[in-house]
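The values are calculated or read from the model by the stated rules, or taken from the named source; none is laboratory data. What you see is a predicted model, and the numbers here were worked out from it, not measured in a lab. Note that each Cβ is placed from the backbone with ideal geometry, even for glycine, and that neighbours are counted across all protein chains shown. Accessible surface areas use protein heavy atoms only, side chains included; no ligands, DNA or RNA. Shrake-Rupley method; radii C 1.70, N 1.55, O 1.52, S 1.80 Å.
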Amino acid sequence: EPDVTIVSGLKDTVVAEGDDVTFQCQVSHENARDVEWKLQDVALQNNEMNEISVERGKIHTLTLRKVTEQDIGTVTFRVGPHTSTA
């Protein structure tokens, strides 16, 4: 299995309370396994507050819905041993 690397990392974002915010990370190969999103070191699941998706096989997207002050912190995208933070 090829080593999947991060081609385009996360970008720092400032957003108003109550708005949605989206983070994107592009990886080198499609159908990457061992992918994880975290907020403040807590693993995120796909649910009504966190939308996790993959576009065109390589662009991994996390949307945090209706953010609050409690959502302030570091977002981390990990694929295998590689990470990107914002």
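Things worth noting here:
- Trypsin sites (Lys or Arg not before Pro) restricted to DSSP loop in the stretch 1-70 with at most 16 other C-beta within 10 Å: LYS11, ARG33, ARG56, ARG65, LYS66
- What the phi angles of the stretch 45-60 give under the Karplus curve with 6.51, -1.76 and 1.60, with θ = phi - 60°, is a coupling list of 10, 6, 8, 5, 8, 10, 9, 10, 8, 10, 10, 6, x, 10, 9, 8 Hz, glycine and proline written as x.
- P(r) histogram, all alpha-carbon pairs of the stretch 6-85 included - 10 Å bins from 0, percent: 18, 56, 23, 2
- GLU51 - accessible surface, heavy atoms, 1.4 Å probe, Å² rounded to 10: 70 Å²
- Charge dipole (debye, nearest 20) of the chain; +1 at Cβ of Lys and Arg, -1 at Cβ of Asp and Glu: 200 debye
- If you sort VAL35, VAL75, VAL14 by accessible surface, 1.4 Å probe, largest first, the order is VAL14, VAL35, VAL75.
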